[in-house]
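There's a structure below that I have some questions on.
The values are calculated or read from the model by the stated rules, or taken from the named source; none is laboratory data. For clarity, every value in this text was computed on a predicted model and none was experimentally measured. Every residue, glycine among them, receives a Cβ derived from its backbone with ideal geometry; neighbour counts consider all protein chains shown. For accessibility, only protein heavy atoms count, side chains too; no ligands or nucleic acids. Shrake-Rupley method; radii C 1.70, N 1.55, O 1.52, S 1.80 Å.
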Amino acid sequence: MAPRRLPPLLLFAAAVAVLNPTAAVAMTTAQEIDWGRSIAREVVAQEGTLSDPLLNRWAKTIGADLTAYAVRSDVPYTVTVINSEEVNAFSIPGGFVFVDAGLLNFVHSDDELAAVLAHEIGHVERRHIVTLAEKAKALEILLDVAGLFAPGVNRFGNLAADLVLYKTSRIDELQADQYGLLLVSRAGYDPDAMATFLERLESIHPEHKSLLGRYFQTHPAVPDRIAHLRGYPELDRPPADAILAQAIHDQNDCEYSIARQKLARVLSVQPSNALARERDAELKAIFSPPPRRPVLRPPPSMRAMANEISSQAQAAAAGVKSQVTLGERDLAEYEKYLDSVGFYVDARSRLGIDRGSRLDRILSSQVRISQSMDHSYDEISQTIAQADDLADADVRLSRDLRQRLDKPDAVAPIGVARFKTLLGRAALAAKKIREAALAARGAMAVGRDRGKIVSTFLDAFDAVSDYKGGDMDAADYYKLQAPLQRALLAAKQAAVAADTAAGLLNDAESLAIMDRLDMTAPDADAPRLDSFARLLAKRFGVTQKAVRDALGGDSTPADIAAASVIAAETNASLNGALARLGHGAAAPLEAAQRLAVRPETMQLELGLVWLSYGDGKL
């Protein structure tokens, strides 16, 4: 079934009216902002934004830090988080910067997010898209600009094929990198993060690259960019003093793991550097102190429990691998099926249509259907791509817990009661991973079933062809209402089924992170406790005193980290959030669910805490 498109002349008139970038003459800043604002409205309408207080605050705060040092003070920069699981960010004229939620889950630190945003700000500062618009043919620009600035609006309409003209050039990318490098340095972020982010993108296994496809489409020549970044003075064999300054910045910013790595680099070339030795000693006193307390030997029953959970994790991993193999086959068929449904929405269809008209309301509803069905595919794809790796991580976790029982760590001691909690989390994580893989396949069955209802509506819409005066006939409009409402509900149900699968996997990863965090015993002594309290206070706005007080109770450090996420998301105090937790291995996640904290947000934020405090490995 072919998608419904507007007549070419109407498309052209619409594009001129809505997105005219005055290509024939140099564009003023006011014109650029107006143009960008028009495009931004279309991006938001087509893509949808993420209404998550903590993640929005994170992105906007770092964006504000950077734009305070931007040259173009006449541009009112904004940062908006797009509700998409893909790893991408893009900017449009007038200072409108968009970042996908999936990218927030991919970066490893504030510094890496700053590097990505600084790159996008660099495109605006250098007026790359504006210059492109001024140089290109007006008709070509006007017909395709909506597709450029809402890349991937639909998965199956293949708008990416229309973007060849608008991919920023290699020179533009390198210029944006160079400007971004300067911007992150001026704003006090680590410039090395720009290169490490790109290097990690390049290292992603090919089977997982589908999650990053949009980034590679809109940001060409990644290997070339890495080589050039490593050639700039800030990153080309920086002197030990520069690395030391970065390490001190990271330590003060509670990025303890990165700080330790950089101090090791400094001391490898300057072993007598007094300041580096002093800072290194501070961190070693926290994270590698001599044993300070006797080791408690666990009862035999706990060792038996650990062995059983380890066996369960291995069995679960084998089952997950089988489900993932089947799921990958099903996913390929699901993508073909969704393509055949023909629900995709042309990014330009609403241009020139009077807002609020009958036709506009139908097309707007189509966009919502498209968003839901795309969301279904994205969440299922991500769940299947990550389930196998997370199952392997749970096997390693259960093995490490068993080894910790055999050889207790006097530096990071774990009491018997806490160890039971850790074992309970590991067992629950294995269960949730297995359920997530099954749920992902089930979500595809739901999507196929609900897709039939969507097809019925689209067939009914396809039968309507009389747009007198540019609007839909009232009788046709009302005739479409019943199938449209059924299609909207069906698409939403497909998205919810996929969210359920993704939520199970995010919960499993949160449980694994919590175990890893508790295994480091952040409350083992006063220096560790203080460093952990500073980290949570900086990241979530809770008070250090509240963290210290909570660590004196029954809650584990990981419980307190999870409660800090809940507090930040719900604008509550840490004590208030802790009071809502209850008891049990899954208590923080259950409280988060009751309070409508997204499982992905919990997993993302706990992951950032673990990356800062530990080595980030699962």
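Considering region 401-415 alone, what residues qualify as being surrounded by 16 or more Cβ atoms within 10 Å (Cβ to Cβ), out of contact with any Phe, Trp or Tyr (no Cβ under 9 Å at 6 or more places or on another chain) and part of a helix (DSSP H, G or I)?
Matches in region 401-415: ARG402 only.
Go through region 585-599 and count every residue that is in contact (Cβ under 8 Å) with a residue 24 or more places away in the chain and in contact with a Leu (Cβ under 9 Å, 6 or more places away or on another chain).
Matching residues across region 585-599 total 9.
Are any residues in region 208-237 at pLDDT below 70, over 30 Å from ARG534 (Cα atoms) and not in a helix (DSSP H, G or I), and if so, which ones?
Passing the criteria: HIS219, PRO220, ALA221, ARG230, GLY231, TYR232, PRO233, ASP236.
It is to be established whether one or more residues within region 416-424 are open to solvent by 30 Å² or more (accessible area, probe 1.4 Å), under 30 Å from ALA526 (Cβ atoms) and out of contact with any helix residue (DSSP H, G or I) (no Cβ under 9 Å at 6 or more places or on another chain).
Kept after step one, since they are open to solvent by 30 Å² or more (accessible area, probe 1.4 Å), are these residues of region 416-424: 416-418, 420-421.
Okay, now just the ones that are also under 30 Å from ALA526 (Cβ atoms), so 416-418, 420-421.
When the remaining residues are screened for being out of contact with any helix residue (DSSP H, G or I) (no Cβ under 9 Å at 6 or more places or on another chain), the result is 417.
Within region 416-424, one or more residues are open to solvent by 30 Å² or more (accessible area, probe 1.4 Å), under 30 Å from ALA526 (Cβ atoms) and out of contact with any helix residue (DSSP H, G or I) (no Cβ under 9 Å at 6 or more places or on another chain).
Please specify each residue of region 238-283 satisfying the condition of being closer than 20 Å to LEU529 by Cβ, open to solvent by 70 Å² or more (accessible area, probe 1.4 Å) and touching a residue at least 12 places away in the same chain (Cβ under 8 Å).
ARG260, GLU282
Going by the structure shown, is GLN386 without any contact (Cβ under 8 Å) to a residue 24 or more places away in the chain, of a type outside the set (A, V, I, L, M, F, W, C) and open to solvent by 40 Å² or more (accessible area, probe 1.4 Å)?
Taking the combined requirement at face value, the residue does not satisfy it.
For region 519-555, name all the residues that are touching a Ser or Thr at 6+ places or on another chain (Cβ under 7 Å) and under 21 Å from SER257 (Cα atoms).
LEU535, LEU536, ALA537, PHE540 - these are the residues of region 519-555 that are touching a Ser or Thr at 6+ places or on another chain (Cβ under 7 Å) and under 21 Å from SER257 (Cα atoms).
If ARG486 satisfies every condition in (1) among the basic types (Lys, Arg); (2) open to solvent by less than 60 Å² (accessible area, probe 1.4 Å); (3) closer than 30 Å to ASP330 by Cα but one, which is the exception?
(2)
Moving on. Taking the residues in region 568-598 that are assigned to a helix (DSSP H, G or I) and open to solvent by 50 Å² or more (accessible area, probe 1.4 Å) as candidates, determine which candidate is nearest to LEU428 (Cα to Cα). Steps first, please.
So in region 568-598, the residues assigned to a helix (DSSP H, G or I) come out as 568-570, 574-579, 587-594.
Among the residues that remain, those that are also open to solvent by 50 Å² or more (accessible area, probe 1.4 Å) are: 570, 575, 579, 590, 593-594.
On the way: THR570: 26, ASN575: 26, ALA579: 23, GLU590: 13, GLN593: 16, ARG594: 19 Å.
Among those residues, the one meeting the criterion is GLU590.
So MET472 ticks every box in (1) of a type in the set (A, V, I, L, M, F, W, C); (2) in a helix (DSSP H, G or I); (3) modelled with pLDDT under 95 but one. Which box is left unticked?
Going through the list (1) of a type in the set (A, V, I, L, M, F, W, C); (2) in a helix (DSSP H, G or I); (3) modelled with pLDDT under 95, MET472 breaks only (2).
Kindly establish whether LEU66 is closer than 23 Å to GLY541 by Cα, over 13 Å from the mean Cα position of the chain (by Cα) and of a type in the set (A, V, I, L, M, F, W, C).
Values: closer than 23 Å to GLY541 by Cα: yes; over 13 Å from the mean Cα position of the chain (by Cα): yes; of a type in the set (A, V, I, L, M, F, W, C): yes.
Judged against the criteria, LEU66 is a match.
Residues checked against (1) under 25 Å from the mean Cα position of the chain (by Cα); (2) over 29 Å from TYR377 (Cα atoms); (3) buried (at least 16 other Cβ atoms within 10 Å of the Cβ):
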| residue | (1), (2), (3) |
| --- | --- |
| ALA430 | yes, no, yes |
| ALA436 | yes, no, yes |
| ARG441 | yes, no, yes |
| ALA445 | no, no, no |
| ASP449 | no, no, no |
| SER455 | no, no, yes |
| VAL464 | no, no, yes |
| ALA474 | no, yes, no |
| TYR477 | no, yes, yes |
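For region 512-567, give me each residue that is part of a loop (DSSP other than H, G, I, E, B), closer than 18 Å to VAL416 by Cα and open to solvent by less than 20 Å² (accessible area, probe 1.4 Å).
ALA521, PRO522, ALA524, THR556
Continuing with the same structure: Name, by its number, the condition in (1) modelled with pLDDT of 90 or more; (2) under 30 Å from TRP35 (Cα atoms); (3) among the polar types (S, T, N, Q) that does not hold for THR383.
Of the numbered conditions (1) modelled with pLDDT of 90 or more; (2) under 30 Å from TRP35 (Cα atoms); (3) among the polar types (S, T, N, Q), the odd one out for THR383 is (2).
Further, regarding this structure: Residues VAL43, VAL87, VAL81: which one is of a type in the set (Val, Ile, Thr), modelled with pLDDT of 90 or more, closer than 26 Å to GLN371 by Cα and under 20 Å from the mean Cα position of the chain (by Cα)? Outline the logic, then answer.
Values: VAL43 fails: modelled with pLDDT of 90 or more; VAL87 fails: modelled with pLDDT of 90 or more.
Within the list VAL43, VAL87, VAL81, the selection yields VAL81.
How many of the residues in region 497-511 are among the hydroxyl-bearing types (Ser, Thr, Tyr) and open to solvent by 10 Å² or more (accessible area, probe 1.4 Å)?
Keep residues of region 497-511 that are among the hydroxyl-bearing types (Ser, Thr, Tyr), which gives 500, 510.
Subsequent filtering for residues that are open to solvent by 10 Å² or more (accessible area, probe 1.4 Å) retains 500.
The qualifying residues number 1.
OK, next. Restricting the first residue to region 399-422 and requiring it to be small (Gly, Ala, Ser), which pairs with a second residue that is not in a loop (DSSP other than H, G, I, E, B) meet a Cβ separation below 7 Å and a spacing of at least six or different chains?
That search, which allows pairs on different chains as well, returns ALA412/MET519.
Show the residue pairs meeting these rules: Cβ distance below 7 Å; 6+ apart or different chains; first residue within region 34-59 and under 17 Å from SER91 (Cα atoms) and of a type in the set (S, T, N, Q); second residue modelled with pLDDT under 85 and open to solvent by 20 Å² or more (accessible area, probe 1.4 Å).
SER38/VAL18
Of GLU379, GLU308, which residue is within 30 Å of GLN603 (Cα to Cα), surrounded by fewer than 20 Cβ atoms within 10 Å (Cβ to Cβ) and out of contact with any Leu (no Cβ under 7 Å at 6 or more places or on another chain)?
Details: GLU379 fails: surrounded by fewer than 20 Cβ atoms within 10 Å (Cβ to Cβ).
The match here is GLU308.
Would you say ALA491 is over 21 Å from the mean Cα position of the chain (by Cα) and closer than 30 Å to ALA385 by Cβ?
yes
Residues to consider are ILE243, ILE248; find the one that is under 24 Å from GLN178 (Cβ atoms) and either at pLDDT 90 or above or within 33 Å of the chain's Cα centre (by Cα) (or both).
Numbers: ILE248 fails: under 24 Å from GLN178 (Cβ atoms).
On inspection, the qualifying residue turns out to be ILE243.
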